[in-house]
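The values are calculated or read from the model by the stated rules, or taken from the named source; none is laboratory data. Model, not experiment: these values are computed from the prediction. Cβ: placed from backbone, ideal geometry, glycine included. Neighbour counts: every protein chain shown. To get the accessible areas, we keep the full protein, side chains included, count just its heavy atoms, and leave off ligands, DNA and RNA. Shrake-Rupley method; radii C 1.70, N 1.55, O 1.52, S 1.80 Å.
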Amino acid sequence: MQTYYSDLLVIGAGLAGERVAVEAAQEGFDVICLSIVPARRSHSSAAQGGMQAALGNCAKGEGDNVDVHFGDTVRGSDWGCDQEVARLFADAAPIEMRRLAHWGVPWNRVVPGKSFYFKGGEKFEKEEKEEKRGLITARSFGGTAKWRTCYTSDGTGHAVMCTMDNRCAELGINVFDRKEAISLIHDGDTCTGAVVRCLRTGELEVYLSKATSICTGGFGRIYKATTNAVICDGGGHILAHDTGVVPIGNPEAIQFHPTGIVPTDILVTEGCRGDGGTLLDVNEERFMNIYEPEKAELASRDVVARWMTHHMREGKGVKSAYGEHLWLDIRHLGDKHISTKLREVDEICHHFLNVDPRKQLIPVRPTQHYTMAGVRTNKDGAVYGLKGLFSAGEAACWDMHGFNRLGGNSLAETVVAGGIIGTKIVEFLKGYETDFKTSLVAEAVRKEQDRIEKLRSGANGKENVYKVREEMQDALMEGCFVFRNDAGLNKCIETLQGTLDKARKVSLVSDGLGANHELAAALKIEGQVKLGLCIAKAALERTESRGSHNREDYTARDDQKWLNRTLAYWRDGADMPELQYEEATPGYEIPPGDRGYGGGSIIEADKAEIEAKMFKK
Amino acid sequence: MSRQLEFDIFRYNPQDKGSVPHMQTFVLDETENMTLFIALNRLREEQDPGLIFDFCCRAGICGACAMVVNGKPRLACQTKTVDLPEQITLLPLPVYQLIGDLSVDTGSWFREMYQTTESWVHTNKTFDPGAIEERMENEVAEQIYELERCIECGCCVAACGTARLRDDFLGAASLNRVARFVVDPRDQRTDRDYFEIIGNDEGIFGCMGLLGCEDVCPKSLPLQNQLGFLRRKMGITAIKEIFRK
């Protein structure tokens, strides 16, 4: 058995993981990063939009500062976030963007002079100042008061990922690709590494470490329709959750995007609707203007996704080999606009659909997009329940996003949180000693060998992993998607309990040798169904609508009862999660108020209670 | 619509002692808007769970799924079956080590390349968290970004005559990488420093100019222009070196 040793083991080498690794390596600690794919293929690289940071360099960003960014983030979260964390994030973001520039990110820069921009299909003029020439510029994103999103053309995630991976290479960090952690090594109190399956050879390996950090991104792939890469399957969450002592924070907080293309759920930008595109049904008739007479297609993400789902439920969806969908129509925007302002959309239509959006309709449907849910950590990134275990990025519920995250805040979180949590890991590592018990390691490895052997031999049963997965995905799409209600969630839970039983009886059809995918899928299917049950159960209990969590039977945001965060534990041998709750934030800089979009009423919290919890400045 | 597609797929699992390299035929009904991503996943889930291939972003952004499709290296995710004949032959990329079936080890190849080309900004300046960022002209930033768009899919190397002949040839992706740092004003390396890395037959002088790299690049990177740019630069550096001696 190959055994590796390091001060810090980072599971996942996307932007959050590598940023954490860089911080520790710069301080002289020995770091190993594990990644299922070569680091640069991480889902971080798919983020095109940009990273929010209040630099205030561009004309439309004038007057921006970290307080405005903080306020946007808290409002965006629908007061579900930890305000201490949102503050740490907003304050550090500008420094982090500059640091990235120093390391080599080719941020777009301010170009002085007049230029045009589009908003809602209308053309406006702006003028950039000479004194700001060459500083990092920003673009506009939804939900923000100022233009604050730093970007590199249409490939921000990719460019930052290249720079971060270069920095890892420069520092000599071992980034091992095609390695998948399948369980944590721990004694119930302290985490000391992971058992890992090599995806080149299929061999098991052991990685021992003083500190371990889970940075494996979101788990959108437990839904059938998701914009996530195929590697975003909850592997990291399952590692932590399986220990029985680590909770998933706010599992019900899942964000959906209105316009994923059918069949592959690749995202087409909201810019389509922003510039005047419309949504059509099976009769090629508009419907958003019926439900939202004022804003129509320009209503917020969650609102549009809700009405689209509603309209399909009314029987107005278009049937296809891949399920029902609706149409996005941008034909009337014309060739010039589509070839320039919506070039990406044009390319996606061409490459993946064989559709010319100048002449044809684009098949779209609401799609899972982001998990605010994650491995619950404190503000230092330390995971609840296990010493030596940390988490950062989308994998974590650090919790600056609460119940809805703003565009551009997720990509920024990867590096900003990575930097902050990396620093905290360094503090933790300094002077820290731990014991590696050989019996504990042997037991952890034996357990995994046993699990694999049983899957290969069919000792547990004869269920097919792909069928079980499909059942889970369908159940979540049906009962735990954009709309949630008592009956749907109860049915979803009932189905998933049956699915969990099947997941425990999976066996392989293939031999499972080498880089076998069926084995990888089988090893995590039970954990995935458990995550699904956490979402459904937490969503059932939360009898309110907050951010992306929408209850048809409880449409108000209830600050009296639900100004809190769900913690979902899965105890050893249990068949359902155990839910606990904690306060959403230790205190308030901004007292709960209206989000400013998305509608809905609010059942207000006790004013005196909130007042007592205001941070004193 | 509704064609029956015949997939001839290369099969070999080096981790299975009984495995012998061979071609295997699968049949699948075509559906609307089908890509090779959809087709291969269906084959694995419905017909042969042992089939090994790579996908990650499935959106043409990450470069994981490059393979040889009917003779040409390309990204499987953005290959629509409607653009292919009923007979589809899939082979793993050449040059790279085979992991199994259609999956090859591009990760190790590219990581070695980062080390060879020292793929990071070389500077003696230290970062000051209290200072505003150093200014850069937007044009320069865009020029750097254009070269950084490479997704490391490996198609260019797989389509390269020289790379097929000699293992040590750096290939278009590596030379493009060097060009990215040459145009970056933050990188303080000189032409002589770059000459040490690429001024030889393994580097800039090994290219036979067959243009295969640029033909197959899914991101349409100007690989041959960069090669020409570097070759001129390195040629001049070589002449200067002669006069220094």
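Odds and ends about this structure:
- Estimated FRET transfer efficiency when R0 is 60 angstrom, pair residue A:491-residue B:208 (beta carbons, to 0.05): 0.40
- Carbon + sulfur, % of accessible area of the protein assembly as shown - ligands and nucleic acids excluded, 1.4 Å: 48
- Scalar couplings 3J(HN,Hα) for region A:201-216, obtained by applying the Karplus form with A = 6.51, B = -1.76, C = 1.60 to θ = phi - 60°, are 10, x, 5, 8, 9, 10, 10, 9, 7, 6, 10, 10, 10, 8, 9, 9 Hz; x denotes Gly and Pro.
- Under the span-like rule (Cα at least 27 Å along the axis, Kyte-Doolittle mean at least -0.5), DSSP H helices of chain B: B:223-244
- Relative contact order (%) - criterion: Cα under 8 Å, at least six apart; region: chain A: 19
- The ellipsoid that matches the Cα gyration tensor of region A:311-396 has semi-axes, each √(5λ) in whole angstrom, of 40, 19, 10, with the longest given first.
- A 1.4 Å probe run over region A:356-423, with the rest of the protein chains in place, finds 18 Å² accessible per residue.
- Annotation for residue A:571 and residue B:2: the two label points, set 7 Å from Cα along the Cα-Cβ direction, are 5.6 nm apart.
- Relative compactness, region B:1-93, computed as alpha-carbon Rg over 2.2 N^0.38 Å: 1.04
- Whole-Å semi-axes of the ellipsoid equivalent to region A:49-119 (Cα gyration tensor, √5λ, descending): 24, 17, 10
- Taking each of A:462/A:502; A:467/A:505; A:561/A:607; A:462/A:537; A:537/A:613 in turn, the alpha-carbon distance tops 18 angstrom for A:462/A:537; A:537/A:613.
- Residue mean of other protein chain beta carbons inside 10 Å, B:101-114: 4
- Calculated [222 nm] ellipticity per residue, helices only, for chain A: -10500 deg cm²/dmol; basis is -39500 (n - 2.57) per DSSP H run with n ≥ 4, divided by all residues, nearest 500.
- Here r is the Cβ-Cβ distance between residue A:122 and residue B:20 and R0 is 56 Å; the resulting FRET efficiency, rounded to 0.05, is 0.30.
- Bridge type composition, region A:1-159 - antiparallel percent by DSSP, nearest 5: 75
- Put simply, the C-alpha atoms of chain A give a gyration tensor, and the ellipsoid matching it has half-axes of 36, 29, 25 Å, longest first.
- Buried surface for the B/A pair, taken as the accessible area of each chain alone minus that of the pair with a 1.4 Å probe, is close to 5900 Å² in total.
- With each label modelled as a point 7 angstrom along the Cα→C-beta vector, the residue A:203-residue A:174 pair spans 1.3 nm.
- Whichever lysines have a C-alpha closer than 26 Å to that of residue A:295, once near sequence neighbours (fewer than 8 apart) are set aside: A:60, A:119, A:123, A:126, A:146, A:316, A:336, A:341, A:359
- Compactness of region A:148-265, taken as the C-alpha radius of gyration over 2.2 N^0.38 Å, stands at 1.27.
- Percentage of interatomic Cα-Cα distances in region A:463-553 larger than 22 Å: 33
- Sorted from greatest to least, the principal axis extents spanned by the alpha carbons of chain B come out as 64, 44, 33 Å.
- Here, region A:472-617 has an Rg and a Dmax of 19.4, 64 Å when only alpha carbons are counted.
- With R₀ fixed at 35 Å, the C-beta to C-beta distance from residue A:609 to residue A:286 puts the FRET efficiency at about 0.20.
- Compared with the direct C-alpha span, the chain from residue A:361 to residue A:26 gains 115.5 nm at full extension, assuming 0.36 nm per residue.
- Separation of the residue B:108 and residue A:453 label points, Cα + 7 Å toward Cβ, nm: 2.9
- Other residues within the sphere of radius under 14 Å centred on the Cβ of residue A:475, judged by their own Cβ, net out at +2 (K and R +1, D and E -1).
- Within region B:42-131, the percentage of alpha carbon pairs spaced more than 16 angstrom apart rounds to 67%.
- Size check on region A:401-480: the Cα extents along the three principal axes, sorted descending, read 47, 45, 16 Å.
- Kirkwood Rh, Cα atoms: Rg over Rh of region A:270-364: 0.96
- Distant-in-sequence amide H partners of residue A:507 (H built 1.01 Å from N, under 5 Å): A:463, A:465
- Region A:1-124: proportion of alpha-carbon pairs further apart than 26 angstrom, %: 41
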